[in-house]
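Below: one structure, written as structure tokens.
The values are calculated or read from the model by the stated rules, or taken from the named source; none is laboratory data. Quick caveat: nothing in here was measured; it's all calculated off a predicted structure. So basically every Cβ, Gly included, is an ideal-geometry build from the backbone, and we count neighbours across all protein chains shown.
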Amino acid sequence: MTAGILIPDVGPIQRASVLGRVNPLVKLGIALAWLVGMGLTLDVRPPLILTLITLIAGLQLGGIAPTALARRIAPLWLAVLGIVLANLVFSAHNPDPLATELFRMGPLRVTQEAVDAAAGLGARVLSIISVGAVFALTTDATFLIDSLVQLGRVSPRFAYGTLAAYQAVPKLADDLGTLRATRRLRGLREWHPRLIVGMLVRAIRHADQLAIAMDARGFGSGPRSTYRPVRWQPLDAVVAIAALAILVAALVVSR
Amino acid sequence: MGAGIVLQDPASQLVMERVGDDVAFGLENLAWPLGTMRRRVPEALQSVGLAGFEERRSTRLSGGEQQRVAIAGVLAQAPGLLVLDEPTANLDPDGAAVVARILATLRDQRAATIVLVEHRASLAWPLADVVLALDQQGCPIAAGPPADVLRAARALERAGIWLPDDADGSQAPAQADKLGPVSRSHGTLPILELHDVRFAFEGGDPVLREVDLGVSPGDRVALMGPNGSGKTTLLRLAMGLLRPTAGEVQLGSRDPWRLAPAQIARLAGYVVQDPELGFLADTVREEVELGLDAEQLVFAHELCERLALPLESFADRSPYQLSGGEQRRLSLVTGLARRPLLLALDEPTYGQDRRGHEALVAALDELVEQGSAVLAATHDERFAQDATDRRIELAAGWIVGELGPRDGRAEYGIVVAGQGELETS
């Protein structure tokens, strides 16, 4: 039902793939480095190159089924289209008399500069979406949390609390559906701000119960051991170096 | 040797995404060495009958399996004291039976002291070495070995406590014929009709398949079957909250999906499984009175009295702060108050003691006399026996059995007679 949409299903194939085995922190680092790298230029090519490479890597090295990838990013690509069009139409370059005019539609003047800016922005959003989708579809949540705690020194309370909360999301989405249904069956319109109160009560109650259950199992009582030890592996270094090389190449090509 | 606790709602006590990690979670917190954990986790899972489940996702398990994972997580720590708070309340009879078997094994091993808080006496009684019966104020009524406590049967009943053996009601119908026929179908147009209804969530397996069902005014229908068999989905289709993938649903000869909220509220009352999801107001009074006319108000107040929620003491309390059993009764008041033609009830007796049960059955009977129909999804054998006379069995979305209208109902007198035997044996 709603669960599949909200939480991607990282199956055994994706988990065993190259991208699935790379430490999630490495993938996060790559995403961050690429984001910064793309900020160095306004050119449209580097983000497009990175998008293409990300998608190919997701399919080839991440074991993602093409349909699964398309389902995840297609709606977001529509949003990109919206961003591009809005930037094209409302660009500050359009009224600028010095800008190169491409065409006019009634009162609307579209300039070369506006097209460049809109395309550059669209390509960047596109690459961020693609990187995010491939990350989500190849990263096992448990692996991510374990890495954050063991290698990233994130507080276990925060990390495991987040993991548990994340698992409650589909349940809360179902709860919202039932709350709306109840309103309808009592002769009221379905949407009402009061729904938020019901949802909040549910979320707080769930968190409360979970905290009790975690405490009852000795969470936070002292030093912990780990059931799934996580270590850096050679693969992490290989993928990190390759990703940096790709970024540099993409930036050089566009010069 | 610490203490371990298992709570009522299985879903809200699972921390980790995978079963093995969740069982190991408590061990990690006690800083057990990795090697010991790797040995202990499969052992604990095996002891609850879930061997090989380590890599499964805990959110994808059934409620019964989740509850067993929670028990395994506590058992893994080899606690000296194991506390279980109504561990089977959210489970179907099969799931509850498995949990009961596990508890029986644990008791026989004498590995830990087990404290079981339970409404279902039929489950708890045979497991107990010592029974402590509490009244509504939390004061002890009786304590001691089960047989001794049963001598106080009268006091227990007065406090609304279920007694063992009267829970499944299976021996009751023998004398029931003297109560007269209770098939009350008024033989008029059906209030609810399902024709060859199929339903599947998008991209999912079918939840309901080829379901044909007619409910006429005066009908009292129990929908039974394990968790996930499609009971709630059927109710939601009937209420127009879902749209069938194929087939036709008619509520009062109209498509409920297209009915406006005001129309549907006149035709049907829906009591959802989790009462908290039915609450729309900040106080019990507002909740009860929401959207009712003057005549319905009088009936709603009367219902509050009868279902042990007198407004004098409950009016200003928040619905969210009531106990589970009180919340259930409040949601029943709101569902029944309009005297709708069709009462769709999802687990109406959840968390009810004997008094709550009796009051509900009486209120439903009265509405049925006046021409309402009852369609109740339930695991509660006794409720099905007392409050319904037609039984639809669902399994994996198929209607696999239909029984009734029956010609008799259980009465409590018979059950109490049965207890005398227990006491002397």
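Suppose we filter segment B:201-231 for residues that are crowded, with 21+ Cβ neighbours inside 10 Å, outside any strand (DSSP E or B) and at negative phi; how many remain?
Here the count works out to 3.
Right, B:E302: more than 10 Å from chain A (Cβ to nearest Cβ) and either assigned to a helix (DSSP H, G or I) or surrounded by fewer than 18 Cβ atoms within 10 Å (Cβ to Cβ) (or both) or not? So that I can check it myself, show each step before the final result.
On the way: more than 10 Å from chain A (Cβ to nearest Cβ): yes; either assigned to a helix (DSSP H, G or I) or surrounded by fewer than 18 Cβ atoms within 10 Å (Cβ to Cβ) (or both): yes.
Yes: the conditions hold for B:E302.
Considering only segment B:97-132, state which residues are in contact with a strand residue (DSSP E or B) (Cβ under 6 Å, 6 or more places away or on another chain) and among the hydrophobic types (A, V, I, L, M, F, W, C).
The answer is B:A112, B:I114, B:V115, B:L116, B:V117, B:A124, B:L132.
So, in segment A:164-199, of the ones that are among the hydrophobic types (A, V, I, L, M, F, W, C) and surrounded by 19 or more Cβ atoms within 10 Å (Cβ to Cβ), which residue ends up farthest from the other protein chains (Cβ to nearest Cβ)? Before the answer, list the steps.
Kept after step one, since they are among the hydrophobic types (A, V, I, L, M, F, W, C), are these residues of segment A:164-199: A:164-165, A:168-169, A:172-173, A:176, A:179, A:181, A:185, A:188, A:191, A:195-197, A:199.
Now restrict to residues that are surrounded by 19 or more Cβ atoms within 10 Å (Cβ to Cβ): A:164, A:168, A:179, A:181, A:185.
Details: A:A164: 5, A:A168: 8, A:L179: 5, A:A181: 5, A:L185: 4 Å.
So the residue we want is A:A168.
So, of the residues in segment B:380-425 that are assigned to a loop (DSSP other than H, G, I, E, B) and touching a strand residue (DSSP E or B) at 6+ places or on another chain (Cβ under 7 Å), which turns out to be modelled with the lowest pLDDT?
First pass over segment B:380-425, keeping only residues assigned to a loop (DSSP other than H, G, I, E, B): B:380, B:388-389, B:396-397, B:404-411, B:425.
Narrowing the set further to residues that are touching a strand residue (DSSP E or B) at 6+ places or on another chain (Cβ under 7 Å) leaves B:388-389, B:397, B:404-405.
On the way: B:T388: 91, B:D389: 88, B:G397: 82, B:G404: 69, B:P405: 55.
So the residue we want is B:P405.
Which residue out of B:V15, B:V41 is farther than 16 Å from B:V99 by Cβ, outside any strand (DSSP E or B) and modelled with pLDDT under 90? Break it down into steps so the answer makes sense when it comes.
Numbers: B:V41 fails: modelled with pLDDT under 90.
One residue alone meets the criteria, B:V15.
Filter segment A:58-92 down to the residues that are surrounded by 19 or more Cβ atoms within 10 Å (Cβ to Cβ), at pLDDT below 90 and within 24 Å of A:I13 (Cβ to Cβ) and list them by number.
Answer for segment A:58-92, where residues must be surrounded by 19 or more Cβ atoms within 10 Å (Cβ to Cβ), at pLDDT below 90 and within 24 Å of A:I13 (Cβ to Cβ): A:R72, A:I73.
Among the numbered criteria (1) surrounded by fewer than 20 Cβ atoms within 10 Å (Cβ to Cβ); (2) touching a residue at least 24 places away in the same chain (Cβ under 8 Å); (3) away from chain B (no Cβ under 12 Å); (4) among the β-branched types (V, I, T), which one does A:V134 miss?
(1)
Show me the strands (runs of 3 or more DSSP E) entirely contained within segment B:58-139 in which 2 or more residues are surrounded by fewer than 16 Cβ atoms within 10 Å (Cβ to Cβ), of a type outside the set (V, I, T) and not assigned by TED's automatic domain parsing to the domain that holds B:L7.
Working: elements: B:81-85, B:113-117, B:131-134.
Hits in segment B:58-139: B:131-134.
Checking B:A281 against (1) free of Cβ contacts under 8 Å to residues at least 60 places away in the same chain; (2) over 22 Å from the mean Cα position of the chain (by Cα); (3) more than 20 Å from A:A203 (Cβ to Cβ), only one condition comes out false. Which one?
All conditions are met except number (3).
Do we have any residue at all in segment A:193-207 that's at pLDDT below 85, charged (D, E, K, R) and farther than 28 Å from B:I5 by Cβ?
For segment A:193-207, residues at pLDDT below 85, charged (D, E, K, R) and farther than 28 Å from B:I5 by Cβ: present.
Please find, among B:L345, B:L364, B:L332, the residue that is outside any helix (DSSP H, G or I), crowded, with 21+ Cβ neighbours inside 10 Å and out of contact with any Cys (no Cβ under 9 Å at 6 or more places or on another chain).
On the way: B:L364 fails: outside any helix (DSSP H, G or I); B:L332 fails: outside any helix (DSSP H, G or I).
Going through B:L345, B:L364, B:L332 in turn, the sole match is B:L345.
The conditions are (1) within 14 Å of another protein chain (Cβ to nearest Cβ); (2) in a helix (DSSP H, G or I); (3) surrounded by 15 or more Cβ atoms within 10 Å (Cβ to Cβ), and B:A262 fails exactly one of them. Which is it?
Answer for B:A262: the failing condition is (3).
From the set of residues in segment B:1-45 that are polar (S, T, N, Q) and more than 7 Å from chain A (Cβ to nearest Cβ), which is farthest from B:E86 (Cα to Cα)?
Of segment B:1-45, the ones polar (S, T, N, Q) are B:8, B:12-13, B:29, B:36.
With more than 7 Å from chain A (Cβ to nearest Cβ) added as a condition, the list becomes B:8, B:36.
Numbers: B:Q8: 5, B:T36: 31 Å.
The extreme case among them is B:T36.
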